[in-house]
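Student: What follows is a single structure, and I will ask about it in a moment.
The values are calculated or read from the model by the stated rules, or taken from the named source; none is laboratory data. Just so it is clear, the structure is predicted and the values come from calculations on it, not from any experiment. Quick reminder, even Gly has a Cβ in these numbers, built from the backbone with ideal geometry, and neighbours come from all protein chains shown.
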Amino acid sequence: MPDVEEAVAAAFREEWGQVVATLIRVTGDWDLAEECAQDAFAQALDRWRRDGVPRRPGAWLTTTARHRALDVLRREAVGAAKLREAAVLARDEGPYDPEYDGDDSGVQDDRLRLIFTCCHPALPIEARVALTLRTLAGLTTPEIARAFLIPEATMAQRLVRAKKKIRNAGIPYRVPPAHLLPERTTGVLGVVYLLFNEGYAATSGADLVRTNLCAEAIRLARVLARLMPDEPETLGLLALLLLHDARRRTRVDAAGELVTLEDQDRSAWDRAEIDEGTELLETALRRGRPGAYQIQAAIAACHTTAVTAEGTDWADIAALYGELARFVPSAVVRLNRAVAVGMSEGSDAGLALVAELEHEGDLAGYHLLPATRADLLRRSGRTKEAAAAYEQALELVENDAERRFLEKRLAECRSA
Amino acid sequence: MKYALLFCSPVGDEEHSPAEHAEDPRFAAYFAEVRAGRVTGGVRLRPSTDATTVRVSGDEVLLSDGPFAETKEYLAGIAFIDVADLDEAIALAARHPAASGGGSVEVRPVWE
């Protein structure tokens with residue numbers, strides 16, 4: 001019965017985080033919660049085949065996992081207080097009722113609790129990312145290890161350490177109180193964005209497991225947008241990810257070579273993602289509380305809604321980067337603004353901004369600084385100076401696909 | 001939850017006695033507003049220049065002058081706190097003048 005397998009797979013994608021989140025609240029034990037959630041999904045395969053797919057798979061899975069937890073705790077005869085709590089909660093909810101269609105708001109809070117706990121700033125950033133993928137998205141440890149190109153044992157240890165720190169350092173399992181919420185929300189969004197970028201940076205077919213991270217990040221961003229609808233930055237982040245993802249498949253050609261934005265096949269961009277992203281962005285901006293993700297999404301929208309590369313509104317983009325620099329005072333943002341200014345006002349204006357950045361030295365060693373100068377010089381026909389700048393960039397670049405791209409540009413400049 | 005707050009100061013900063021701290025309005029504010037009822041004990045330590053590091057190798061006791069690690073900070077004090085969770089401990093630590101005065105405060109859970 002492939003239908004049941006599909007139903008379980010769909011429930012896994014939709015409900016895993018929810019089931020684990022509730023079980024963590026009930027048992028206070030992260031490992032037990034994962035174990036019982038796994039067990040519930042395994043049982044679902046058999047039971048749904050026999051009894052049919054329940055009307056509310058999430059509630060069925062949570063109840064089943066909770067009963068399992070109760071069994072384990074009873075058998076181990078440890079944690080008497082935990083057992084009482086789990087028993088009370090099980091009783092309060094009563095037996096599983098397939099017709100029940102009531103309020104889930106309390107349970108929804110569990111998933112938010114889990115997100116905020118996984119992304120607690122007291123945990124190392126790599127641990128936050130790994131924990132989010134494991135407990136919330138349901139990726140296995142080997143999958144996460146492969147996605148981050150590290151040995152499985154290292155990833156397993158990272159997860160164990162993170163859970164240990166949560167327990168021993170007293171990281172609270174909750175949605176932060178109002179005074180902490182803004183900064184913690186920024187932290188959560190940052191983890192999801194980092195996750196997406198890990199996948200987005202992957203270019204070759206061998207990196208397929210990494211591109212899966214993009215899909216996971218979008219899924220998490222959707223959950224956040226649903227759970228925190230009043231926070232425009234959650235909508236902004238989802239919009240940004242969709243608008244980036246729409247172009248993902250055109251960023252490299254069949255041979256695995258990088259394709260620049262202006263040379264990408266615009267007809268191959270994902271229309272549905274662009275439309276959804278643009279709409280989300282408009283909804284977010286109407287709230288009148290702009291933020292870094294909304295502005296970046298607006299920049300991405302400028303690119304994805306331009307019918308041709310020549311039709312790109314670079315003046316708008318330059319202004320948006322100026323705005324972004326107020327929220328994210330980073331030299332990289334200013335470098336991007338230099339590109340936009342160079343495109344809208346002419347290479348010399350852009351080169352002047354690049355020279356400022358070179359003088360300040362914050363980006364020393366960053367290959368995109370000479371690469372940007374090279375590109376602006378190339379566009380204004382100063383191929384000899386451009387070639388020298390490409391050579392500098394090549395000394396600094398680490399990514400192979402980018403190296404090949406810069407080498408191609410260098411060869412073009414030399415033969416011009 | 002019980003935590004220990006380790007107050008750190010940059011090496012070379014002026015050193016103040018507990019009595020001088022008591023007269024410092026920043027510390028006075030911290031003691032009055034933040035510490036009341038939650039700090040269960042603590043001491044002020046002398047600076048690293050007064051420290052002696054003790055090492056034991058086998059059954060041999062080795063002494064050296066100063067701290068073991070050469071850093072820009074030294075351990076200047078310690079406090080034991082009793083709060084609900086790590087967030088509250090962090091908030092408390094962040095209120096200590098050392099956290100914003102070029103030093104840092106390490107929050108270390110107490111093993112119970």
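Student: Between A:Leu280, A:Leu238, which is modelled with pLDDT of 95 or more, within 11 Å of the chain's Cα centre (by Cα) and not hydroxyl-bearing (Ser, Thr, Tyr)?
Tutor: Unique residue meeting the criteria: A:Leu238.
Student: What about A:Thr132, is it away from chain B (no Cβ under 14 Å), closer than 17 Å to A:Ala37 by Cβ and surrounded by fewer than 17 Cβ atoms within 10 Å (Cβ to Cβ)?
Tutor: Values: away from chain B (no Cβ under 14 Å): yes; closer than 17 Å to A:Ala37 by Cβ: yes; surrounded by fewer than 17 Cβ atoms within 10 Å (Cβ to Cβ): no.
Considered against the rule, which asks whether it is away from chain B (no Cβ under 14 Å), closer than 17 Å to A:Ala37 by Cβ and surrounded by fewer than 17 Cβ atoms within 10 Å (Cβ to Cβ), A:Thr132 comes out as no.
Student: Something else: From the list A:Leu89, A:Leu114, exactly one residue is part of a helix (DSSP H, G or I), at pLDDT below 60 and away from chain B (no Cβ under 14 Å). Which is it?
Tutor: A:Leu89
Student: Related question: Have a look at A:Gln38, A:Gln18 and point out the one that is in contact with a Gly (Cβ under 7 Å, 6 or more places away or on another chain), within 25 Å of A:Arg222 (Cα to Cα) and not acidic (Asp, Glu).
Tutor: One residue alone meets the criteria, A:Gln18.
Student: Which one of these does A:His120 not meet: (1) away from every other protein chain (no Cβ under 14 Å); (2) buried (at least 21 other Cβ atoms within 10 Å of the Cβ); (3) modelled with pLDDT of 90 or more; (4) touching a Lys or Arg at 6+ places or on another chain (Cβ under 8 Å)?
Tutor: Status for A:His120: all satisfied but (1).
Student: Of all residues in the range B:79-112, which are part of a loop (DSSP other than H, G, I, E, B) and acidic (Asp, Glu)?
Tutor: Those that are part of a loop (DSSP other than H, G, I, E, B) and acidic (Asp, Glu): B:Asp85, B:Glu112.
Student: Mind listing just one residue for me: the one in the range B:1-48 that is among the charged types (D, E, K, R) and closer than 12 Å to B:Ala79 by Cβ and, of those, farthest from the other protein chains (Cβ to nearest Cβ)?
Tutor: If we take residues in the range B:1-48 being among the charged types (D, E, K, R) and closer than 12 Å to B:Ala79 by Cβ, then B:Arg44 is farthest from the other protein chains (Cβ to nearest Cβ).
Student: Sticking with this one: Is there a residue in the range A:338-345 that is over 17 Å from A:Ile295 (Cβ atoms), surrounded by fewer than 17 Cβ atoms within 10 Å (Cβ to Cβ) and at pLDDT 95 or above?
Tutor: yes
Student: Here is a further query. Which is within 17 Å of A:Ala221 (Cα to Cα), within 11 Å of another protein chain (Cβ to nearest Cβ) and either basic (Lys, Arg) or surrounded by fewer than 14 Cβ atoms within 10 Å (Cβ to Cβ) (or both), of A:Arg174, A:Arg184?
Tutor: A:Arg184
Student: Just wondering, is there one or more residues in the range A:155-162 that are closer than 19 Å to A:Glu35 by Cα, out of contact with any strand residue (DSSP E or B) (no Cβ under 8 Å at 6 or more places or on another chain) and at pLDDT below 90?
Tutor: Residues of the range A:155-162 that are closer than 19 Å to A:Glu35 by Cα, as a first pass: A:155-162.
Within this subset, residues satisfying the condition of being out of contact with any strand residue (DSSP E or B) (no Cβ under 8 Å at 6 or more places or on another chain) are A:155-162.
Checking which are at pLDDT below 90 leaves us with A:161.
Yes, that holds for at least one residue.
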